[in-house]
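Written out below as structure tokens is the structure these notes cover.
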Amino acid sequence: MNSKQVSKHYHTVPIINASGTMTAFGASRICPEAVQAVADIADHFVSISELQAHASGVIAKATGGAGGFITSCSAAGVSLAVAACMTKGDLARVERLPDTTGMNNAVVMQVGHNVHYGANIEQAARIAGARIISVGQATEVNAYHLHGALRDNPDIVAALYVTSHHCVMEGMLSLAQFTQICHQYKVPVIADMASEYDLRVVKNPGVDIAIYSVHKFIGGTTGGIYAAKTTKLARDGFVQNRGIGRPMKIGKEGIAGAIAAIEAWGKRDHKKDSAAQEKIIQLWQQELAKIGGLVVSELPDWTGNPIMRLKVVVAPKQAGLHAWEITQRLASQHPRIFVRDQFLEQQYFVMDPCNLTFAEAKEVAARISKIVAEAKRKQNGRKLSWDNYKQGVAEGILAWPYKK
Ligand SMILES: *Cc1c(COP(=O)(O)O)cnc(C)c1O
């Protein structure tokens with residue numbers, strides 16, 4: 001089906017995704033290899049444990065770890081990793097979670113890493129029965145904070161590190177330093193790398209468990225990678241399928257899709273992808289520079305992924321609109337256009353080329369131009385305050401299932 005047919009079939013409004021790999025919009029275009037793998041396995045029976053054992057080898061090869069398995073998503077991967085560190089292969093304990101009677105159950109993390117990626121990460125750990133010990137303040141964590149927590153809390157079973165644009169971007173400890181300190185206390189490090197290109201952090205700096213989303217940059221079916229430094233840590237996570245992992249299960253089609261996507265990712269022509277993205281950024285720069293009240297500049301990825309985005313700063317008086325009014329109008333017209341909205345409060349948004357065709361990118365630029373021109377003509381911008389916008393977004397959560 002083409003995009004129009006899909007939206008007609010499912011009664012959804014078509015989307016042009018200039019926001020990047022967002023789970024809420026279907027994350028990525030699924031690569032043909034993964035689509036084929038799903039079709040190939042659909043009509044057959046397979047031992048899920050054997051299939052996951054094969055996935056373990058594929059994960060080991062891709063990550064440099066000893067092995068791992070495919071989870072239903074990254075959030076599930078965090079829960080399972082925490083559960084693994086608490087239960088350590090004790091099957092009675094696996095089946096007792098989230099009741100942690102008799103187990104150590106504290107997980108240490110930096111305050112600025114306690115993020116919301118559409119759900120909160122702390123809850124992903126608490127699902128397993130863990131409690132969070134936060135170190136430092138929102139904008140400043142020092143090595144002594146982490147040392148103090150690890151020294152004074154013998155019930156810490158794991159340390160959780162998040163690499164993400166969601167995290168506070170200043171004042172945190174690096175993954176390398178965090179890992180090095182935790183290892184002094186023999187506390188394993190779980191790294192949530194959901195949206196990262198670098199699949200090899202179990203190798204360098206040597207974290208114990210790394211979690212990735214299969215449906216983000218890797219371009220696979222919905223799923224997560226749980227990659228562990230040792231076979232024991234991989235197994236301690238995998239056996240959670242007899243416990244809290246059961247309601248987070250992934251089926252044969254998801255495992256097969258993930259394996260195919262991981263293998264395809266290793267062979268992907270990243271230079272070609274970058275060139276296509278660069279062309280889109282250039283187009284946007286040219287087109288948006290013509291719009292009064294917008295100031296554009298290239299923005300390298302926050303966490304060092306090899307991606308360039310476009311930062312669009314809005315001068316509300318000149319543009320006639322607040323940044324959040326532009327994105328709201330983009331998202332409510334047909335097709336919906338989504339850009340990255342994390343920094344709207346600071347009067348800017350960010351455009352991401354990685355999920356777009358060139359034709360779609362052109363449409364995005366044309367739409368922004370039209371929205372700004374119309375607001376200037378009708379003088380109907382700068383009416384919605386940030387507080388009211390935010391309130392509306394919160395109310396929208398409970399508007400589902402959107403009866404017309
Ligand atoms: C997207 C994201 C998640 C959630 O990933 P899912 O695979 O959709 O569960 C978790 N952590 C970070 C840092 C993310 O970016």
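Length available on full extension from Tyr402 to Glu345: 0.36 nm per residue minus the Cα-Cα distance, which gives 17.9 nm. Taking only Cα atoms, what is the 0 to 90° angle, nearest 10, from helix 74-87's long axis to the longest principal axis of the chain? For helix 74-87, the angle is close to 20 degrees. A full extension of the chain between Lys186 and Val13 corresponds to an added length of 57.2 nm, given 0.36 nm per residue minus the alpha carbon distance.
In this label model, Lys362 and Leu384 are separated by 2.9 nm, measuring between points 7 Å along each Cα→Cβ vector. Per residue, the chain exposes 48 Å² of accessible surface when a 1.4 Å probe is rolled over the protein heavy atoms with every protein chain present. Could you state the angle between the C-alpha long axis of helix 252-267 and the longest principal axis of the C-alpha atoms of the chain, as a value from 0 to 90 degrees rounded to the nearest 10? So the inclination is approximately 70 degrees. How large is the dipole of the chain about the Cα centre if only Lys and Arg carry +1 and Asp and Glu carry -1, each at its Cβ, rounded to the nearest 20 debye? For this selection, approximately 960 debye. Candidate cross-link partners of Lys186 among the lysines, defined by an alpha-carbon separation under 26 Å and a same-chain spacing of 8 or more, comprise Lys61, Lys88, Lys203, Lys229, Lys232.
Among the listed pairs Lys4/Lys249; Lys216/Lys290; Lys8/Lys403, those with a Cα-Cα distance over 22 Å are Lys4/Lys249; Lys216/Lys290.
What translational D, rounded to a whole number of µm²/s, comes out for region 133-276 from Stokes-Einstein when the hydrodynamic radius is the Kirkwood one over Cα pairs, at 20 °C and 1.002 mPa s? Reported coefficient: 127 µm²/s. For the chain, the convex hull drawn through the C-alpha positions has a volume of 151 cubic angstrom per residue.
What's the carbon and sulfur percent of region 149-207's accessible surface, probe 1.4 angstrom, rounded to a whole number? Heavy-atom surface of region 149-207 belonging to carbon and sulfur, 1.4 Å probe: 48 percent. Placing dummy labels 7 Å off each Cα toward the beta-carbon, the span from Ser297 to Val6 is 3.5 nm. Full extension of the segment from Thr231 to Gln318, taken as 0.36 nm per residue of separation minus the current Cα-Cα distance, would add 25.4 nm.
Cross-link partners of Lys370 among aspartates and glutamates, defined as those whose alpha carbon lies under 19 angstrom from its own and excluding same-chain residues fewer than eight positions apart: Glu287, Glu325, Glu360. Roughly how many debye, to the nearest 20, is the charge dipole of region 42-181 about its Cα centre, given +1 on each Lys and Arg Cβ, -1 on each Asp and Glu Cβ, and no other charges? Computed charge dipole of region 42-181: roughly 140 debye. Site pair Gln391 and Asp90 shows an inter-label distance of 5.1 nm when each label is modelled 7 Å from Cα along Cα→Cβ. Selection among Ser195, Gln285, Asn105 by position relative to the dipole of the chain gives Gln285 as farthest towards the positive end (Cβ unit charges, Cα centre). Taking every C-alpha pair closer than 8 Å and separated by at least 6 residues, the mean separation divided by the residue count of region 1-150 gives a relative contact order of 15 percent.
At 1.4 Å probe size, with the rest of the protein present, what percent of the exposed accessible area of region 1-144 is carbon and sulfur atoms? The C+S portion of the solvent-accessible surface of region 1-144 is 55 percent.
The values are calculated or read from the model by the stated rules, or taken from the named source; none is laboratory data. Small disclaimer: the values here were computed from a predicted structure and weren't measured. Using ideal geometry, Cβ is built from the backbone for each residue, glycine included, and neighbour counts are taken over all protein chains shown. SASA here: full protein model, heavy atoms, side chains in, ligands and nucleic acids out. Shrake-Rupley method; radii C 1.70, N 1.55, O 1.52, S 1.80 Å.
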